Amino acid sequence: MLRGASAEARAELASKVGSGTLEDTAKLGDQLLAVAGVLRSEPALRRVFTDGSVEGEAKAGLAASVFGGKVGDPTLALVKEAVQQRWTSSRDLAGVLEELGIQALVRSAGAQGPRVSDELFAVGLLIDANPDLRDVLSDPARTPDDKAALLSSVLDGKVLDSTQRLVGQAVRSSEPFGRALDTIQRVAADVQDELLAVVHTARPLGTTEITRLTQALGKAYAATVHLHVVEDKDLIGGLRVEIGDDVIDGSVASKLDNARRRIAG
C-alpha cells in the first residue's frame with residue numbers, strides 16, 4: 001500500500017489519465033507500461049528519478065532524453081510530471097506508472113469497461129483448468145513475449161482488445177502470472193469504482209441469490225460490489241467470499257474442519 005508522498009503523487013497523476021480518445025488512451029496505457037518496465041529493470045535510473053536532492057527540471061530533462069522519441073507526447077508529459085513528484089520509495093514510481101497504464105487500458109474499453117474484469121477472471125479460470133497452458137506460462141525457457149503471443153492466439157476474438165493487452169502485461173510481469181492477473185483485476189474494478197468479491201460456492205447461484213448477495217456485501221462495505229462466482233465442489237455447501245483482504249467463510253467444509261479441530265483439541 002502506498003503511503004505519504006507516493007500516495008499523494010499517485011492521486012495527482014491519476015487525474016491526468018483517460019482524457020483523450022479511446023485509441024489515444026490505449027496508446028497511453030501501452031506506453032506507460034513500457035516505461036514502467038524500463039524503470040523496474042534499471043534501478044540506477046529509477047533512483048535518480050526519485051532522488052529528492054535532484055532538481056525537478058533536471059529529472060524532467062533526463063526523462064525527455066531517455067524516453068523522448070520512444071513514446072508519444074502525452075505519455076512523455078505524464079512521465080516528466082511523475083519524476084518531479086516526491087516519492088516515499090524509488091520502487092513506487094515504477095509501480096504507480098504501471099498502475100496508471102493498467103487504468104488507461106481499462107478506460108480504453110469505453111462503455112465496455114465493466115467487461116474487462118469479468119474477462120480477466122475468466123482467463124484465470126481457463127488457465128487453472130488447462131495444465132498445458134499452465135506449463136507454458138511457468139516454463140523458464142520461454143520468453144515473456146513467447147508466452148504473451150501464445151495467450152494472444154488463444155484469446156484472439158474471444159475477449160476485448162483491452163483485456164488481451166492486460167493479459168499480456170500479466171505475462172510480462174515480474175510477479176507470478178496468477179498474482180499479476182489478480183492485481184490487474186483489482187485495478188480494473190477500481191476504475192469502475194467497484195469492490196471485487198470472489199464467491200466460491202458448491203452449487204450454481206441463481207440471479208436472485210446473486211442480487212441479494214451483491215446488495216448485502218455492498219451495504220456491509222458501503223461500496224458497489226462486483227461478484228465473480230466460482231463453483232467449488234470441495235465446499236460441500238454454503239459460500240466462501242473473498243473481498244479485499246477479508247475472507248467470509250460460511251461453507252460446510254469449513255464448519256466440518258472446525259468441528260474436527262475441536263474434537264481433536
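The values are calculated or read from the model by the stated rules, or taken from the named source; none is laboratory data. In this text, all values refer to a predicted model and were calculated from it rather than measured experimentally. Cβ coordinates were reconstructed from backbone atoms using ideal geometry, including for glycine residues, and neighbour counts include every protein chain displayed.
Descriptive notes on the structure:
- Search result, residues across segment 230-246 that are closer than 23 Å to residue 129 by Cβ and exposed (fewer than 12 other Cβ atoms within 10 Å of the Cβ): 233, 234
- Listed conditions (1) surrounded by fewer than 18 Cβ atoms within 10 Å (Cβ to Cβ); (2) in the same structural domain as residue 134 (by TED's automatic domain parsing) are all met by residue 181, apart from (1).
- Positions within segment 208-222 being of a type outside the set (Val, Ile, Thr) and under 13 Å from residue 197 (Cα atoms), in sequence order: 213, 215, 216, 217, 218, 220, 221
- Annotation for segment 29-41: no member residue is surrounded by fewer than 15 Cβ atoms within 10 Å (Cβ to Cβ), outside the structural domain of residue 169 (by TED's automatic domain parsing) and not in a helix (DSSP H, G or I).
Quick grid of which residues meet (1) out of contact with any Pro (no Cβ under 7 Å at 6 or more places or on another chain); (2) surrounded by 22 or more Cβ atoms within 10 Å (Cβ to Cβ); (3) of a type in the set (S, T, N, Q):
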| residue | (1), (2), (3) |
| --- | --- |
| 70 | yes, no, no |
| 74 | yes, no, no |
| 104 | yes, yes, no |
| 130 | yes, no, yes |
| 143 | yes, no, yes |
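- Matching option when the condition is modelled with pLDDT under 90 and among the polar types (S, T, N, Q), among 138, 153, 162: 138
- Only helices (runs of 4 or more DSSP H) whose full extent lies in segment 93-167 are considered here, and the ones with at least 2 residues that are in contact (Cβ under 8 Å) with a residue 24 or more places away in the chain and among the small types (Gly, Ala, Ser) are 113-128.
- Of the residues making up segment 15-22, none is buried (at least 19 other Cβ atoms within 10 Å of the Cβ), touching a residue at least 40 places away in the same chain (Cβ under 8 Å), under 18 Å from residue 95 (Cα atoms) and basic (Lys, Arg).
Conditions (1) modelled with pLDDT of 90 or more; (2) closer than 30 Å to residue 185 by Cα; (3) in a helix (DSSP H, G or I), marked per residue:
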residue	(1), (2), (3)
230	no, yes, no
234	no, yes, yes
240	no, yes, no
248	no, yes, no
254	no, yes, yes
257	no, no, yes
260	no, no, yes
263	no, no, yes
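- Of all the listed residues (198, 187), the sole one being closer than 25 Å to residue 111 by Cα and in the same structural domain as residue 121 (by TED's automatic domain parsing) is 187.
- For segment 61-79, a residue qualifies if it is closer than 15 Å to residue 97 by Cα and part of a helix (DSSP H, G or I), and the qualifying residues are 63, 67, 74, 75, 76, 77, 78, 79.
- Scope segment 22-65; condition among the acidic types (Asp, Glu) and within 29 Å of residue 110 (Cβ to Cβ); matching residues: 23, 24, 30
- Test for residue 218: is it under 17 Å from the mean Cα position of the chain (by Cα) and either part of a loop (DSSP other than H, G, I, E, B) or of a type outside the set (Val, Ile, Thr) (or both): no
- Of the numbered criteria (1) touching a residue at least 24 places away in the same chain (Cβ under 8 Å); (2) surrounded by fewer than 21 Cβ atoms within 10 Å (Cβ to Cβ); (3) under 23 Å from residue 20 (Cα atoms), the one residue 80 fails is (1).
- Here is the figure for segment 142-195: residues that are basic (Lys, Arg) and closer than 16 Å to residue 244 by Cα total 2.
- Qualifying residue in segment 168-177 (condition: more than 25 Å from residue 226 (Cα to Cα) and surrounded by fewer than 18 Cβ atoms within 10 Å (Cβ to Cβ)): yes
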